[in-house]
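Worksheet: one structure, shown below.
The values are calculated or read from the model by the stated rules, or taken from the named source; none is laboratory data. It should be emphasised that the depicted structure is a prediction, and the values quoted were computed from it without experimental measurement. Heads up, the Cβs are rebuilt from the backbone with ideal geometry, glycines too, and the neighbour counts pull from every protein chain shown. With ligands, DNA and RNA removed, areas are computed over all heavy atoms of the protein, side chains included. Shrake-Rupley method; radii C 1.70, N 1.55, O 1.52, S 1.80 Å.
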Amino acid sequence: MKKKLVSMLLCMAMAATMITGCGDKKAGDDAADTADQSVQSTQTETAKPQETAAKEESSGDDITLTWAVFETDNYTAEVWQHIIDAFESDNPGIKIEKVLMTGDSRPQFLKTMLSAGNMPDINIDPVDLASTEGVYAEVPEELLAKYEDSSVVSFDGKKTLVPAYKAYRTQVYYNKAQFADAGITETPKTWDEFTAVCDKLQAKGYTPLMGVGASDLWATAFGYWTGVVNSELYSAYPNFNRDILDGKLSWTDKVLSDTLKSWQSLTKYYHKGSMSFSNTQATSEFMSGSAAMFMDGAWSAPTIDNSTEYSADDFGTFMMPTPSGAKTYCTMPQYWGVAETCKNKEAAFKFCEYVLGGNPDIYKYYLQADGTFSVTKTPVTYDMGPVQTEFIKNLEGYELVPEAMKLVGDDAFPTGFEDYTLKSLQNIFTGADVDKELSTWDAEMQRLGAQK
Amino acid sequence: MKKKSILFTVPAFLIYTVLMIIPIAGAFLLSFTDWNGISAAYNTVGFKNYVDMLSDERLRNAIFVTLKITAVVAVTVNVLGLFIAMLLNRAKRLTNVFRSIFFLPYVLSTVAISFIWLAILSYTGVLNSLLEMFGMGNLAADYIGNAKNAIRSICVIEIWRMLGFHMVLYLASIQTVPRELYEACIMDGGNRWQQFRYITIPMIIPGITISVIMSIMTEMKQYDIVKVITNGGPGYSTETVTYNIVTQAFGNNMLGYSSAIAVFLFLIIAAVSILQLQLSKKLEVS
């Protein structure tokens, strides 16, 4: 009997390992601590900033700030190191320590760090957490005054984000040689012309479109969503986000449903292995000629322009036509945030200011790395390669609209909702019923929105 | 003397309490709150999280996927593990070499092997390239991007990773069976199958129990391979319960709700394990 009891207890103990991760001892105590700390540090900062700075300087010790960054084909370790080296050399006494955000979801990485009490001092891509009270420190007004008014955002009246840049979203990159071989002399301007181009390429034995899947969840629908769906939605409903949030519009709306059905009609043109490629793999496959077109973000333009393996002259770019003929484009604003838990906020904001416009050479270097554009009142420009130049030229005659899923501030959709839609869009791409998928979006948005 | 010996358990008990019991108790308590994992404030919501789970279709799908992976992997690693252990038990001099080879995947980092498998299974990866090289290009398939293939791929990788571990468990059990019993069986005219059926199996029931319970628990908690290979996709097709727990907690800021799912999973695993123990007790020979 005893033996039995011991076995059962051991069994329960092994099974219990399942939930140990969720039992964060910080639930009550540390959360309260964080709140206390945030109150204290806000008071310290707002009441006696000079005193804090004086203390920092007089201590004689180096200040070390942690900076959460991510690495891509464009944002390499060398790019970050160059920025760090420049700042440290111009600001003796302040050291920057890089924290690499691993995994496919940067917000999830930051949330995990926050829960573990290891929040980096300065964050790139802080938007997801910015609406939560007490996570990021309020940005000094004199710093925000340096940026375009349209780029400054607030959450319930609090401005906790430093504008970093704006990134143009999607266009279609194409392989000029394959177009010429298929007898295509002009890039398509309408939806029908686009499908005709796809047919011509397919008839000639080329794969018309490259796609992305695998663990890069964000990338499956990225090109079509930002290039076509967003355009259709904002052309039909200029206040789309607000209308959806106020319940005036539903996600089951016909415009959205029809646009996604049009996407499904394109799946026959996509590369067979699309859903197994990461974004980096897909870019590489496209550049090596595995497909003739790739709907991808503006970051691919500098990737192509700077390629040492392929010539930028072999590639071109055009605006993706929409089924209704809507002619809009969108940009994604990006921000930095200084954690409320940062012990040297003044130094942290100094670093933000230095990189994001204070030192025009470094800001230019940062923007140029990923093909993004300045948001400072005094614009910072740089020489662009041929593909990026064409990308920007293509925007002429198109109207700028917000990107629904990336809108920051009070009109933003609830945390976690974009990830939910991305999964649903993957289902749609792999053949799920569009209306059935969309029928779950309203309820999910409400469920997530109820979580404060 | 007895009192003094109890003192020796104190350090282990303290470590276990701090690292296991307190977090477990924390998870139970959190499951009755709406804490978002970030804010200082939260409300007690009673059994709401548990009630919400009943209507959560995404969770239902994750449970189904988890059970599917668990059933396929647990059955395969146990049957194959026992079979290979039987073979290795006869291999004599090479037993240790083969044991090390089979055990190797288990000691490697799961994330590292997942990336290796990703390179193998990608559409333009090693497997399809080899098929093409040997003139079997028509057999090339999308092993990750297709929902049905994706879950099969997860199972194959997990079987490959866990097989060596279970093989070692069985081998250790088999080697404890007294030789005399087999000799007696042979003297009575028993064939190989009868030796296996009436001597090996009854004598290794404790080993089978441990192996089956371990495999069920490991697969019910499947996360890392799914995260790296498919990220739960395409869509939700390979999303497991643990993946769902992490998404709810850190993706949706619903730590209270995710704790409720974790408690639910704990109860399921505990129930399955106790059931298995009871069953094994009945089959065990003294």
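Observations on the model:
- So residue B:121, is it touching a helix residue (DSSP H, G or I) at 6+ places or on another chain (Cβ under 8 Å) and either farther than 30 Å from residue B:205 by Cβ or crowded, with 20+ Cβ neighbours inside 10 Å (or both): yes
- Here B:87, B:67, B:30, B:82 are screened, and the one residue that is more than 14 Å from every other protein chain (Cβ to nearest Cβ) and touching a residue at least 12 places away in the same chain (Cβ under 8 Å) is B:82.
- Picking from residues in the stretch B:33-43 that are small (Gly, Ala, Ser) and facing another protein chain (nearest Cβ under 7 Å), the one that is most open to solvent (accessible area, probe 1.4 Å) is B:40.
- Applying the condition of being aromatic (Phe, Trp, Tyr) and more than 11 Å from chain B (Cβ to nearest Cβ) to the stretch A:405-452 and asking which residue is farthest from the chain's Cα centre (by Cα) yields A:441.
- Only one entry in A:176, A:159 is within 30 Å of residue A:349 (Cβ to Cβ) and open to solvent by 10 Å² or more (accessible area, probe 1.4 Å), namely A:159.
- Extreme residue, modelled with the lowest pLDDT, among residues of the stretch A:112-136 that are more than 21 Å from the chain's Cα centre (by Cα) and not charged (D, E, K, R): A:115
- Residue A:97 satisfies every condition listed in (1) away from chain B (no Cβ under 14 Å); (2) in contact with a helix residue (DSSP H, G or I) (Cβ under 9 Å, 6 or more places away or on another chain); (3) buried (at least 16 other Cβ atoms within 10 Å of the Cβ) except (3).
- One residue from A:134, A:103, A:117 being over 26 Å from residue A:376 (Cα atoms), within 14 Å of chain B (Cβ to nearest Cβ), out of contact with any Gly (no Cβ under 9 Å at 6 or more places or on another chain) and without any contact (Cβ under 8 Å) to a residue 40 or more places away in the chain: A:103
- Condition met for residue B:56 (touching a residue at least 40 places away in the same chain (Cβ under 8 Å) and open to solvent by less than 60 Å² (accessible area, probe 1.4 Å)): no
- The single condition among (1) part of a helix (DSSP H, G or I); (2) more than 13 Å from chain A (Cβ to nearest Cβ) that residue B:46 does not satisfy is (1).
- One residue alone among B:225, B:229 is modelled with pLDDT of 90 or more, among the β-branched types (Val, Ile, Thr), under 13 Å from the mean Cα position of the chain (by Cα) and open to solvent by less than 10 Å² (accessible area, probe 1.4 Å), and that residue is B:225.
- Any hit, the stretch A:408-417, residues being out of contact with any Leu (no Cβ under 6 Å at 6 or more places or on another chain), under 29 Å from residue A:317 (Cβ atoms), in the same structural domain as residue A:221 (by TED's automatic domain parsing) and not in a loop (DSSP other than H, G, I, E, B): no
- Of the helices (runs of 4 or more DSSP H) entirely within the stretch B:177-286, those holding at least 3 residues that are within 12 Å of another protein chain (Cβ to nearest Cβ) occupy B:205-220, B:224-229, B:241-246, B:255-283.
- Criterion: under 23 Å from residue A:97 (Cβ atoms), within 22 Å of the chain's Cα centre (by Cα) and open to solvent by less than 30 Å² (accessible area, probe 1.4 Å) - qualifying residue of A:282, A:339: A:339
Residues are listed down the side, and each one gets a yes or a no for (1) closer than 30 Å to residue B:244 by Cβ; (2) among the hydroxyl-bearing types (Ser, Thr, Tyr); (3) touching a residue at least 12 places away in the same chain (Cβ under 8 Å):
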| site | (1), (2), (3) |
| --- | --- |
| A:376 | no, yes, yes |
| A:380 | no, no, yes |
| A:385 | no, no, yes |
| A:388 | no, no, yes |
| A:391 | no, no, yes |
| A:401 | no, no, yes |
| A:423 | yes, no, yes |
| A:440 | yes, yes, yes |
| A:447 | yes, no, no |
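- Within the stretch B:67-90, one or more residues are in a helix (DSSP H, G or I), charged (D, E, K, R) and crowded, with 16+ Cβ neighbours inside 10 Å.
- Being part of a strand (DSSP E or B), of a type in the set (Val, Ile, Thr) and farther than 21 Å from residue A:212 by Cβ is true of residue A:338.
- Qualifying residue in the stretch A:259-280 (condition: among the small types (Gly, Ala, Ser), closer than 22 Å to residue A:167 by Cβ, in a loop (DSSP other than H, G, I, E, B) and in contact with a helix residue (DSSP H, G or I) (Cβ under 7 Å, 6 or more places away or on another chain)): no
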